[in-house]
Amino acid sequence: ESYMINNNMNENFRLIEVDNKMIIPFKMNIRLLITSEDVIHSWTIPSLGIKIDAIPGRMNQ
């Protein structure tokens, strides 16, 4: 699950906190296969400028 956490500077929600964090190795190529079984989900790594949509019945990488 993901939870929005409050950014105290301007009282707007900006960052997301998650239960299970993903650790990405430094200076290594990785391949992510993204899919969904029910509805479209958005998968992001904001600090790297990455956004991928998980679409039912389709494999994205």
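Of all residues in segment 8-27 being β-branched (Val, Ile, Thr) and assigned to a strand (DSSP E or B), which is modelled with the lowest pLDDT? My answer is ILE16. Condition check for ILE5 on (1) more than 13 Å from the chain's Cα centre (by Cα); (2) surrounded by 10 or more Cβ atoms within 10 Å (Cβ to Cβ); (3) at pLDDT 85 or above: one failure, at (3). Can you name every residue in segment 28-61 that is of a type outside the set (A, V, I, L, M, F, W, C) and either in a strand (DSSP E or B) or on the phi > 0 side of the Ramachandran plot (or both)? Of everything in segment 28-61, those that are of a type outside the set (A, V, I, L, M, F, W, C) and either in a strand (DSSP E or B) or on the phi > 0 side of the Ramachandran plot (or both) turn out to be SER36, HIS41, SER42, THR44, GLY49, LYS51, ASP53, PRO56, GLY57, ASN60. Taking segment 35-53 as the range and being touching a strand residue (DSSP E or B) at 6+ places or on another chain (Cβ under 8 Å), under 18 Å from VAL18 (Cα atoms) and among the small types (Gly, Ala, Ser) as the test, only SER42 passes.
The values are calculated or read from the model by the stated rules, or taken from the named source; none is laboratory data. Note that this is a predicted model, so its numbers are computed, not measured. Every residue, glycine as well, gets a Cβ built from its backbone with ideal geometry; the counts of neighbours run over all protein chains shown.
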